[in-house]
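Take a look at the structure set out below.
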Amino acid sequence: MPKRADYISWDDYFMGVALLSGKRSKDPSTQVGACIVNTQNKIVGVGYNGLPIGVSDDQFPWEKEGSYLDTKYPYVCHAELNAILNNIGINLEGCKIYTALFPCNECSKAIIQSGIKEVIYLSDKHAAKESSIASRKMLQTAGVTLRKIIPGTSEVVLSFSEDQV
Ligand SMILES: Nc1ccn([C@H]2C[C@H](O)[C@@H](COP(=O)(O)O)O2)c(=O)n1
Ligand SMILES: [Zn+2]
């Protein structure tokens, strides 16, 4: 019997892990996930956007609008930063990061400093924002490869019904 042909690509697998991680986000408006992979295609870090450990996501704001301290922006850790900080304690030199959204300038600093050498992203919807322009400028200058994923599939459906395995 030949092997199964419709298995998903490495890119779709790792971006899928990033997107699944985003399902843990408590952000009501934007759920972002990231997944870091080493040169042997081993997953070494996964993260989603959320508040720091011990900072209650029931007491801190999730608003997008209003005065800065009353919005989520000062407090939320971005998915990429969490994926870096959650890494399994290894050197991230030469790794690549899959992220649902193109990294902001703050995350790109952490990406560069961690030694990650490739960013694969799904959406660059904030490309015109100055944080994205600064991010792209730093990543390119630092020699980090930037690649917008070309998914091999439009969606992956995960079913938890036991009769599907
Ligand atoms: N590359 C990114 C961009 C954004 N986030 C997170 C941070 C916030 O929770 C949220 C902000 O998005 P908005 O609601 O203003 O569209 O998304 C991230 O983790 N990584
Ligand atoms: Zn960021």
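The values are calculated or read from the model by the stated rules, or taken from the named source; none is laboratory data. Keep in mind the model is a prediction, meaning the values are calculated, not measured. With ligands, DNA and RNA removed, areas are computed over all heavy atoms of the protein, side chains included. Shrake-Rupley method; radii C 1.70, N 1.55, O 1.52, S 1.80 Å.
Distance check, please: which entries in 3/137; 26/96; 96/129 exceed 32 angstrom between their Cα atoms?
From the list (3/137; 26/96; 96/129), the Cα-Cα distance tops 32 Å for 3/137.
Can you pull the percent of the chain's accessible area that's carbon plus sulfur, 1.4 Å probe, other chains left in place?
56 percent
For the full complex of protein chains and a 1.4 angstrom probe, list 139, 85 by accessible area with the highest value first.
Sorted by accessible area, descending: 85, 139.
Rank these by accessible area, largest first, 1.4 Å probe: 118, 63.
63, 118
Can you give me the solvent accessible area of residue 4 with a 1.4 Å probe, rounded to the nearest 10 Å²?
150 Å²
Under the Karplus relation 6.51 cos²θ - 1.76 cosθ + 1.60, θ = phi - 60°, what is the ordered set of whole-Hz ³J(HN,Hα) values for the stretch 77-92, x standing for Gly and Pro?
Each residue of the stretch 77-92 in turn: 8, 6, 4, 5, 5, 5, 4, 5, 6, 8, 4, 6, x, 10, 6, 8 Hz.
How many Å² of accessible area per residue for the stretch 23-165, probe 1.4 Å?
Accessible surface, normalised per residue, equals 60 Å².
Checking a compactness column here: for the stretch 6-145, what do you get for Rg(Cα) / (2.2 N^0.38 Å), N being the number of residues?
Cα Rg divided by the expected 2.2 N^0.38 Å: 1.03.
So, in Å, what gap is there between the alpha-carbon centers of the stretch 16-70 and the stretch 105-138?
16 Å
For every helix of n ≥ 4 consecutive DSSP H residues, a contribution of -39,500 (n - 2.57) applies; sum these over the chain, divide by its total residues, and give [θ] at 222 nm rounded to the nearest 500 deg cm²/dmol.
After summing the helix terms and dividing by residue count, I get -7500 deg cm²/dmol.
Taking Cα pairs under 8 Å and at least six residues apart, what relative contact order does the stretch 10-154 come out at, in percent?
Relative CO of the stretch 10-154 lands at 21 percent.
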